[in-house]
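All remarks here apply to the structure that follows.
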Amino acid sequence: MRQLIRLLSAGSLLVLVGLGSAVVAQAQDDPSEDCAMCHEEIVTAYRGTVHSISERGAPSCTICHGNGTAHMDEGGDASLIVKPQGLTGQQLCLSCHQTIHTMFSMRSTHSDTEVLCDSCHAIHPADTPQPALLHDSPNAVCATCHAAQSNSFRRPYGHRLDRGGLECVSCHNPHGGSGEYSLVVNRAGEGPCVTCHAEKRGPFVFPHVSDVTGDCMTCHEPHASSNPMALKRSRVDQLCLECHSQIEGGTLGSQPPAFHDLRSPRYRECTVCHVAIHGSNLSPALTK
C-alpha cells in the first residue's frame with residue numbers, strides 16, 4: 001500500500017512538472033513577450049480583451065501584425081510591421097468573425113460607405129474600456145455619423161437614450177442591412193418595438209395595424225416626436241385620415257373611411273371612442 005502511494009505521488013509530481021514546463025515554454029514561445037519590451041502598456045491592455053483568448057492559440061501580436069523580427073532588428077521601423085487598416089484590416093477581422101461576414105455580405109449603408117471595422121472598434125482598448133471594444137459608448141459612436149438621428153432624441157415625447165438601458169443597438173443591428181433591414185428582429189420575425197411594448201404585440205381578434213396595412217412607424221416617430229405619444233401629427237384625426245379616407249394617392253387606401261362630420265370638434269379626437277387603438281379582442285371598431 002505504501003509503495004502504491006509513493007508511485008502515485010511520484011506520478012503526480014511528474015505531471016505537475018510537465019505542466020509547469022509547458023506553461024513556461026508557452027510563455028517563452030509567445031511573440032508578445034518580445035513586443036512587450038517596447039509596447040508593454042499595449043500588450044498588457046490587449047491581454048485583458050476578448051481577443052486575448054483566440055482559437056489560434058496563445059495571445060499573440062503576430063496574428064494581426066505579422067512577424068515582427070525585421071521590425072525589431074531595425075530598431076522599431078514602422079514600415080516593417082503590418083498595420084491592418086481599411087479594407088485589408090476588415091478582411092482580417094472577417095477571417096475570424098464569420099457571422100459578421102455573412103451580415104456584411106448584404107447591401108448595407110455601412111458597407112457601401114466604407115464604414116469599416118476600425119471605424120467603430122478599437123482593437124487595443126482605450127483608457128476606459130467599452131463593450132465590444134468600441135471607441136466610445138455605443139450611442140456616442142453612432143452619433144459621430146448619425147447626428148440628425150441622435151439630436152432627434154431631444155424632442156419632448158418618445159424614447160430616451162441611456163434610460164433603462166436603451167441604446168441605438170437595442171433596435172438597430174449595426175452589421176445588418178439598410179433602413180428597415182437594419183432593425184433587430186427576434187426569432188418570431190417581430191421588430192424591436194414589441195420587445196419593450198409587449199402589450200401591443202397581440203395577436204388580436206380584431207387587429208388595427210398588422211404589418212399588412214402598416215406598422216408602428218405608420219403612426220409613431222421611432223426616435224422621438226414633438227407630439228404626445230410620439231405621434232407623427234399633432235392632431236389625431238389628421239393622422240387617422242391618412243388611412244381612413246377615400247382620398248387616393250399616398251394613403252394606404254381600402255380602409256373603412258370615417259363617416260363622422262369632422263367639421264365638428266367633438267369628432268376630432270378619434271381615440272375618445274376608439275380606445276383599443278392597437279387592437280381589440282371584442283370590438284371590430286376598436287371601441288373596447
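Some points to look at:
- Against the criterion of solvent-accessible heavy-atom surface with a 1.4 angstrom probe, Met217, Met37 sort, most first, into Met37, Met217.
- Stretching His278 away from Thr144 to a fully extended chain increases their span by 44.7 nm, per 0.36 nm per residue minus the current alpha-carbon distance.
- Only lysines eight or more places from Lys232 in sequence, or on another chain, were considered; those with a Cα closer than 20 Å are Lys200.
- Calculated FRET efficiency, Ser95 to Met37, Cβ-Cβ distance, R0 = 25 Å: about 0.35 to the nearest 0.05.
- Under 12 Å from the Phe259 label point (7 Å along Cα→beta-carbon), backbone N, the range 267-288: none
The values are calculated or read from the model by the stated rules, or taken from the named source; none is laboratory data. For clarity, every value in this text was computed on a predicted model and none was experimentally measured. Using ideal geometry, Cβ is built from the backbone for each residue, glycine included, and neighbour counts are taken over all protein chains shown. Just the protein is used for accessible areas: all its heavy atoms, side chains included, with ligands, DNA and RNA removed. Shrake-Rupley method; radii C 1.70, N 1.55, O 1.52, S 1.80 Å.
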